[in-house]
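Engineer: I'd like to ask you about the structure that follows.
Derivation of every value follows stated rules applied to the coordinates shown; laboratory data play no part. Keep in mind the model is a prediction, meaning the values are calculated, not measured. A quick note on method: Cβ atoms are made from the backbone with ideal geometry, for glycine too, and the neighbour counts reach across all protein chains shown.
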Amino acid sequence: MQITDTTTAIITGGASGLGEAVARNLAASGAKICLFDLNEERGQALASELGGSFAKVDVRDAASVMQGFATARAAQGQEHIMVNCAGIGVAAKTVDRDGRPHDAAFYERVIGINLIGTFNCASQAAAGMVAADPVTEDGERGVIINTASVAAFDGQIGQIAYASSKAGIVGLTLPMARDLSRKGVRVMAIAPGIFKTPMVAGLPEEVQASLGAQVPFPSRLGHPVEYANLARHIIENSMLNGEVIRLDGAIRMAPR
């Protein structure tokens, strides 16, 4: 699928980090974009800057997601591209140092945002895409890109919630792609390594340098623009379907 001024896209977590980078990349090619985020002030400002639209969406809440899609489609029509970047990543061990088990509500929150939120948005996008007209000679109707993580494969100490949420995204990628294949909708996932997102950028410089040094090559933190470049390549390369691509500089995470 080639990105033109008739292409429409929805990006979750679009107000910052990986989502912002994707939004800027697609908007630079003329695509109409709608940002889903809970940060209304930042989301509105970025959408205005990029000539797009914004919807305050809690991806965990199916009703909020449905309203967000209604807002996006009213502003720009049926989306051709759905990129799920909304997510959280905080640490807790299975049993803490005081012998207390992992908090169930915390686990549910991480799964709710990262995995169920991805499912909610991907499934809503898929329903709209399969009902739309094809946009390529191959009969392609849309592209869905979800954000996994290397933690899905190399989950570290304290990452049981985060790693399992991202492993769920890996697990849904191929069956969702197969479900939608006859309707011309592709589904892919990107599994980033250590990227300079707002969460990481808030760490002390020496910690960031230490994290970057763990990457074999290039030995640095990934830049959100590099994620966005891969997302764009996936959109434009129609043979990419049903796969999870690690974007990690060859890192394999140690236990801690």
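Engineer: Which of the lysines could a cross-linker span from Lys196 if the Cα-Cα distance has to be under 22 Å and same-chain partners fewer than 8 positions apart are dropped?
Structural biologist: Within reach: Lys166.
Engineer: Can I ask one more? For a quick check, take a GNM of the chain with Cα springs below 10 Å and name the residue from Ala177, Ala126, Ala28 with the largest mean-square fluctuation.
Structural biologist: Ala28
Engineer: If you don't mind, there's one more thing I want to ask. Within the stretch 1-26, find all residues whose amide N lies under 14 Å from a label point positioned 7 Å from the Cα of Asp133 along Cα-to-beta-carbon.
Structural biologist: In the stretch 1-26, the label zone of Asp133 (backbone N under 14 Å from the point 7 Å along Cα→Cβ) covers 6-7.
Engineer: Pick out which of Ala91, Ala122, Ala55 has the largest mean-square fluctuation in a Gaussian network model of the chain, springs linking Cα atoms closer than 10 Å.
Structural biologist: Sorting by GNM fluctuation, first place goes to Ala91.
Engineer: Summing +1 for each Lys or Arg and -1 for each Asp or Glu, what net charge is found among the other residues whose Cβ lies under 10 Å from the Cβ of Leu26? Numbers along the way, then the final one.
Structural biologist: On the way: positive: Arg24, Lys32, Arg232; negative: none.
That sum, taken over residues with Cβ under 10 Å, equals +3.
Engineer: Moving to a separate point now. How many angstrom lie between the C-alpha centres of the stretch 26-68 and the stretch 205-229?
Structural biologist: Using only Cα atoms, the two centres lie 27 Å from each other.
Engineer: Measure nothing fancy, just the Cα-based angle from helix 62-76's long axis to the longest principal axis of the chain, in degrees from 0 to 90, nearest 10.
Structural biologist: 40 degrees
Engineer: State the extension gain, in nm to one decimal, for the chain segment bounded by Ser48 and Ala105, taking 0.36 nm per residue of separation less the distance between their alpha-carbons. Intermediate values should be presented prior to the final figure.
Structural biologist: Numbers: separation 57, 0.36 × 57 = 20.52 nm, distance 3.58 nm.
Stretched fully, the Ser48-Ala105 segment lengthens by 16.9 nm.
Engineer: Ok, one more. Got the relative contact order for the chain handy, in percent, Cα pairs under 8 Å and 6 or more residues apart? Don't skip to the answer; put the middle values down first.
Structural biologist: Details: 528 pairs, mean separation 50.7, N = 256.
After rounding, I find 20 percent.
Engineer: Same structure again: Taking amide H positions as placed in the peptide plane 1.01 Å from N, state which residues far from Ile245 in sequence (5 or more) or on other chains have amide H under 5 Å from it.
Structural biologist: Amide H to amide H, under 5 Å and 5 or more residues apart or across chains, Ile245 pairs with Ala189, Ile190, Ala191.
Engineer: While we're here: Using the alpha-carbon atoms, what tilt in degrees (0 to 90, nearest 10) does helix 17-28 show relative to the longest principal axis of the chain?
Structural biologist: Taking Cα atoms only, the helix is inclined about 20 degrees.
Engineer: Okay, next question. Tell me the volume per residue, in Å³, of the convex hull enclosing the alpha carbons of the chain.
Structural biologist: Working: hull volume 31.6 nm³, N = 256.
Convex hull of Cα atoms, per residue: 124 Å³.
Engineer: Obtain the nm distance between the two label points defined at Ser181 and Lys93 by a simple spin-label model: each point lies 7 Å from its Cα along the Cα-to-C-beta direction.
Structural biologist: Label-label distance for Ser181 and Lys93, simple model: 4.4 nm.
Engineer: So what J values fall out for the stretch 134-149 if you push phi through Karplus, 6.51 cos²θ - 1.76 cosθ + 1.60 with θ = phi - 60°, rounded to Hz, Gly and Pro as x?
Structural biologist: Going residue by residue, I get x, 10, 9, 5, 6, x, 6, 10, x, 9, 10, 10, 10, 10, 8, 5 Hz, with x marking Gly and Pro.
Engineer: Between Val207 and Arg73, how high is the FRET efficiency from 1/(1 + (r/R0)^6) when r is the Cβ-Cβ distance and R₀ = 30 Å? Nearest 0.05. The partial results should precede the final answer.
Structural biologist: Numbers: r = 42 Å, r/R0 = 1.40.
My answer for the efficiency is 0.10.
Engineer: Then there's this: Report the local net charge at Val225: Lys and Arg +1, Asp and Glu -1, summed over other residues whose C-beta lies under 14 Å from its C-beta. If you can, show how the numbers build up before the last one.
Structural biologist: Details: positive: Arg24, Lys196, Arg220, Arg232; negative: Glu20, Glu226.
Overall, the nearby charge balance is +2.
Engineer: Would you please put 235-241, 186-192, 216-222 in order of how densely packed they are, using the mean number of other Cβ atoms within 10 angstrom per residue and starting with the highest? Intermediate results must be reported in sequence, preceding the final value.
Structural biologist: Numbers: 235-241: 16.3, 186-192: 24.6, 216-222: 14.1.
Averaged packing, sorted descending, gives the order 186-192, 235-241, 216-222.
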